[in-house]
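Remarks on the structure that follows.
Nothing in this text is a laboratory measurement; each read-out follows from the coordinates by a stated rule. Just so you know, these numbers come straight off a predicted model, no measurement behind them. Using ideal geometry, Cβ is built from the backbone for each residue, glycine included, and neighbour counts are taken over all protein chains shown.
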Amino acid sequence: MIEKCVIAGVKIKQSRTDIDYEMEELKQLVEASGGIVEYSVVQEKDNYTASTYLGKGKVEEIRVLCEEVEATLVVVNDELTGSQINNLEKMLNVRVIDRTMLILDIFALRAKTKESKLQVELAQLKYTMPRLKGKGIEMSKLGGGIGTRGPGEKKLETDRRHIENNIHEIEKQLKKAKTVREVNRKSRLKNNVPVIAVVGYTNAGKSTLINSLLNLYGVEKDKEVFVYDMLFATLTTENRKLRILDKYEAVITDTVGFISKLPTKLVESFKSTLEEINYSDIIIHLMDVTNKDLNVQKDTTDEILKEIKATDIPVIEVYNKIDKTDISFDDSQGIYISAKTGLNIGKLVERILLLLYGASKTYTARLSYSDHAKLSFLENNTNIIEREYLEAGINVVFETREKMYEKL
Ligand SMILES: Nc1nc2c(ncn2[C@@H]2O[C@H](COP(=O)(O)OP(=O)(O)OP(=O)(O)O)[C@@H](O)[C@H]2O)c(=O)[nH]1
Ligand SMILES: [Mg+2]
């Protein structure tokens, strides 16, 4: 069922909010949850109206629009209180949800793994709780629709006492999942394999980049990650093994995309997943260079990295989708790539190797003729440039990176 919607936002006159961009994004969010936007309404005001968010006149205007197109849902651009939702629903005669509920709804639709389902449910419950007052009956009568869906087949719980119990139970289960993840991480640390986390705004091309790297250097080439042109295609952290240039091992991590005004409750719930980023050795911050509000996207990602305290890890800023634009770029300001066509991926890989394994240098080793193991080790892990067979042994000149040399 495609739900017809009207979206509405308030632009506070003194604020620097780019309301057009936010409304465009809200429209995409509605589409990502299976709805269609019939009208987009913006009101410029000095302040939000406390009882109804929008001014009374505007609300009436929206009511008429809803009737005209038979919309069944109004989505507003900011978080509302329970009573604001109630008041608006009474005046509009349709359901009202806010941006946060919409994002939670998309996450509920997309969550696939047990852990991400629990995380989404937890965020939904914590968001609904304080907004339940006087709402219980209406909500339990609802037959579903955008903003009411729970992860899996379940409908979003609306009974307060149940919710409290549920929150408890889910938190317990999530703790268990976290322990499992920690065990996996420890075994990675023990093997000393460096970790690269790819982070950024939703739809920037993170998963596409990972697949490109898997195609070039993947240990298990058939383990591609999911790519799709929609917001929040990736909802779980995924790790893949790489062996770059057939010599340098790394684990690459795909992560959940960010969005401006990402609900705090959601970030909280996903924190244990996002915190995986903290255990990476480098972060690739990927941005969609064709996006007209690149700076908002960049700041959003930087903010969330701060929130999860991933601030000491070196970040490589990478601009993606250059195949889609003909603007020229200053290479000294960052790395410009196309994850899709593979353009400049080599430059990115060089930067990754430099950070993880240091600069490439030439070394010489003297091996005795019986050192077969050492020789084959060098053959497998470095580039051998020259071998000189002397009376005292073999002189091997080889090229490798500083940190690899230390390991050898
Ligand atoms: N033209 C072009 N399209 C790209 C490029 N990289 C990714 N895309 C497209 O952008 C869309 C999103 O790509 P994803 O890799 O799923 O993006 P993501 O960052 O993983 O998104 P989420 O998982 O939703 O956070 C897909 O339609 C890709 O084909 C690129 O370099 N050029
Ligand atoms: Mg993805």
Just the number: Rg to Rh for the chain, Cα atoms, Kirkwood Rh, two decimals.
1.08
re region 180-299: pairs of Cα atoms spaced beyond 20 Å account for a percent value of 44
Indicate, rounded to the nearest 5 percent, the antiparallel portion of the DSSP beta bridges found entirely in the chain.
40
Most exposed first by the Cβ proxy, i.e. fewest other Cβ within 10 Å, how do R95, R16, R181, R160 rank?
R16, R160, R181, R95
Which order do M404, M129, M101, M230 fall in if you start with the one that has the fewest other Cβ atoms within 10 Å?
M230, M129, M404, M101
Percent breakdown of C-alpha pair distances by 10 Å bin, ordered from the shortest bin, for region 252-351
14, 45, 33, 9, 0
Checked against a 30 Å limit on the C-alpha separation, the offending pairs among K4/K324; K241/K271; K117/K221; K271/K324; K175/K407 are K4/K324; K271/K324; K175/K407
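Can you give the extra length, in nm with one decimal, that the chain gains between N383 and M230 once fully stretched, where that is 0.36 nm per residue apart less the Cα-Cα distance? Walk me through the numbers on the way to the answer.
Values: separation 153, 0.36 × 153 = 55.08 nm, distance 4.25 nm.
Using 0.36 nm per residue and subtracting the Cα-Cα distance, I get 50.8 nm.
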How high is the relative contact order of region 193-356, in percent, with contacts defined as C-alpha pairs under 8 Å that are six or more residues apart?
26
7 Å from Cα along Cα→Cβ at both K347 and Q28: what's the point-to-point distance in nm?
2.4
Cα to Cα, under 21 Å, and not fewer than 8 places away if on the same chain: which lysines meet these conditions relative to K45?
K11, K13, K56, K58, K261
As a percent rounded to 5, the proportion of antiparallel DSSP bridges among beta bridges in region 1-174 is 10
Computed [θ] at 222 nm, deg cm²/dmol, the chain (DSSP H ≥ 4; -39,500 (n - 2.57); rounded to nearest 500):
-13000 deg cm²/dmol
Given labels modelled 7 Å from the Cα in the Cβ direction, how far is it in nm from K221 to L294?
3.4
Determine the relative contact order of the chain: mean sequence separation of Cα pairs under 8 Å and six or more apart, normalised by residue count, in whole percent.
11
What is the Cα centroid distance between region 1-55 and region 301-373, reported in whole angstrom?
39
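Determine, for I146, I36, the number of other Cβ atoms within 10 Å of each Cβ, and report the residues in order from fewest to most. Before the final figure, lay out each step's value.
Numbers: I146 23, I36 13.
Ascending Cβ contact count within 10 Å gives the list I36, I146.
Are there trypsin sites (Lys or Arg not before Pro) in region 227-258 that DSSP marks as loop and that have at most 16 other Cβ atoms within 10 Å, and which are they? Please list the in-between numbers first.
On the way: sites: R240, K241, R243, K247; in loops: K247.
Hits after loop and neighbour filter: K247.
Write down the percent of antiparallel bridges among all DSSP beta bridges whose residues are both part of region 193-356, to the nearest 5. Walk me through the numbers before you get to the answer.
Working: 8 of 26 bridges.
Here the antiparallel bridges make up roughly 30 percent for region 193-356.
Which of the peptides 24-32, 85-93 is most tightly packed, and how do the rest follow, judged by the mean count of other Cβ atoms within 10 Å per residue? Show your work: numbers first, answer last.
Numbers: 24-32: 19.7, 85-93: 17.9.
Highest-to-lowest ranking by the protection proxy: 24-32, 85-93.
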Within 15 Å, Cβ to Cβ, of D288, how many net charges do the neighbouring residues add up to if Lys/Arg are +1 and Asp/Glu are -1?
-1
